[in-house]
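Let me begin by presenting the structure, written as structure tokens, before commenting on it.
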Amino acid sequence: ITAPITPAAGQDVADNFAFAFDIDGVLVRGGQPIPEAIEAMKVLNGENEWGVRVPYIFLTNGGGKFETERCQDLSKQLEIDVSPGQFICGHTPMREFADHYGTVLVIGGEGEKCRDVAESYGFKDVITPGDILRANAHTAPFRKLTEIEHNNARDLLARGGTLSDIVVEAVFVFADSRDWASDLQIILDIAQSKGGRLETRSETFDEGPPIYFSHGDVLWSAAHEHARLGMGALRKIVETVFEDTSGGRKLTTHAFGKPQVSTFEFATRLLQQWRATQHGLVESEPPATVYFVGDTPESDIRGTNAMNETTENEWYSILVKTGVYQAGTVPKYTPRKLVDTVLDAVHHGIRREM
Ligand code: G3P
Ligand code: MG
């Protein structure tokens with residue numbers, strides 16, 4: 001324990017351990033806070049018997065909004081101030097690809113929000129399914145754009161020419177699709193095109209551009225009592241239907257987010273910076289233990305356990321029963337600790353340290 005630099009805090013700061021939290025199914029469900037989450041944040045912010053403040057960050061596979069907007073939502077839900085400096089969502093690492101590609105197709109989210117997010121990341125030429133549907137309504141026979149959607153879509157033919165003048169260099173699925181049928185059609189069209197050129201069809205089915213998903217979660221925890229289908233399910237459908245319609249050729253797509261170790265490494269860097277800027281700790285001295293609290297064994301526990309094997313510091317996985325994992329079943333990836341709620345997870349970590 002070292003003295004804090006923030007005079008307002010007036011409390012000690014834990015310098016040898018920290019927490020990282022998954023969001024859906026751990027802190028929030030269907031936009032509503034899980035009640036124990038609010039209490040858990042208070043405990044981390046010093047309301048514990050030792051009066052110690054514990055640094056923490058958030059690492060969600062979700063997305064579809066600017067990071068700043070999502071932090072505002074979380075601040076209200078959890079009754080604390082959440083800063084973008086302690087927050088990573090599924091598409092955050094995609095910003096590192098902005099300079100790699102010219103024209104990209106961005107899928108998912110409400111309206112054209114993900115186009116705005118992609119442009120804020122530095123992507124220079126972003127097209128969306130709405131743009132393609134506006135230019136050629138036959139692309140998805142049963143999908144009719146509303147007037148608002150039509151007006152919000154870019155006019156890809158405004159400068160003359162045809163759709164086949166446009167070459168998509170990469171596809172980024174930023175957030176969950178709001179219309180799986182038309183998005184599936186459009187992703188497949190590009191995967192089967194001649195080098196990403198719209199409205200073309202490859203003869204060899206091996207020249208489509210790369211396809212990136214912000215995560216691979218097949219299930220996630222929303223308001224419904226049972227887990228809901230996520231982006232990973234769409235990914236599996238894309239790959240399966242591609243193979244079925246491309247003479248058996250396999251399509252390899254890529255996923256960011258948890259359980260990728262690179263995502264946890266990204267989180268490690270963020271946590272180090274956050275501990276330094278917010279709590280005055282030395283950036284080059286990582287905490288001995290990071291407790292990761294998640295609800296999905298396949299992403300949260302798998303990734304945390306993999307991280308534990310690749311770094312000298314301890315990554316300690318805690319699985320809760322408030323989300324995707326169903327109490328009484330055997331999780332596919334074994335956590336270090338299984339607890340009921342995030343509040344139990346926080347108590348467990350702190351007691352293990354103090
Ligand atoms: O779409 C969101 C979801 O797949 C998972 O979010 O917070 O549980 O990583 P989270
Ligand atoms: Mg979750």
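Here, each number is a calculation from the coordinates, and none is a lab measurement. Note that the coordinates shown come from a computational prediction; the quantities given were computed from them, not determined experimentally. Counting neighbours? That spans all protein chains shown, and the Cβs are built from the backbone with ideal geometry, glycine included.
Observations on the structure shown:
- Gyration tensor verdict on the stretch 299-347 (Cα atoms; rounded if a/c is under 1.5, prolate if a/b is larger than b/c, oblate otherwise): oblate
- Of the GluC sites (Glu not before Pro) found in the stretch 179-262, those in coil by DSSP whose Cβ has at most 16 other Cβ atoms within 10 Å are 199, 203, 207, 225.
- Once exposed loop trypsin sites (Lys or Arg not before Pro) are cut out (DSSP; at most 11 other Cβ, 10 Å), longest piece of the chain: 1-143
- Put simply, the C-alpha atoms of the stretch 99-255 give a gyration tensor, and the ellipsoid matching it has half-axes of 23, 20, 15 Å, longest first.
- Inter-part distance where the stretch 134-202 and the stretch 271-302 are each reduced to a Cα centre, Å: 39 Å
- Sparse-neighbourhood loop sites, chymotrypsin sites (Phe, Trp or Tyr not before Pro) in the stretch 78-156 - DSSP loop, at most 15 other Cβ within 10 angstrom: 142
- A compact globular protein would have a Cα radius of gyration near 2.2 N^0.38 Å; the ratio found for the chain is 1.07.
- Value of [θ]222 nm, deg cm²/dmol, for the chain, DSSP H segments ≥ 4, -39500 (n - 2.57) each, nearest 500: -9500 deg cm²/dmol
- Among the listed pairs 42/337; 76/332; 124/250; 236/332; 76/321, a Cα-Cα separation exceeding 25 Å is found for 76/332; 124/250.
- Note on the stretch 99-255: antiparallel DSSP beta bridges, both residues inside, total approximately 20 percent of the bridges counted.
- Expressed to the nearest 5 percent, the antiparallel share of DSSP beta bridges inside the chain is 20 percent.
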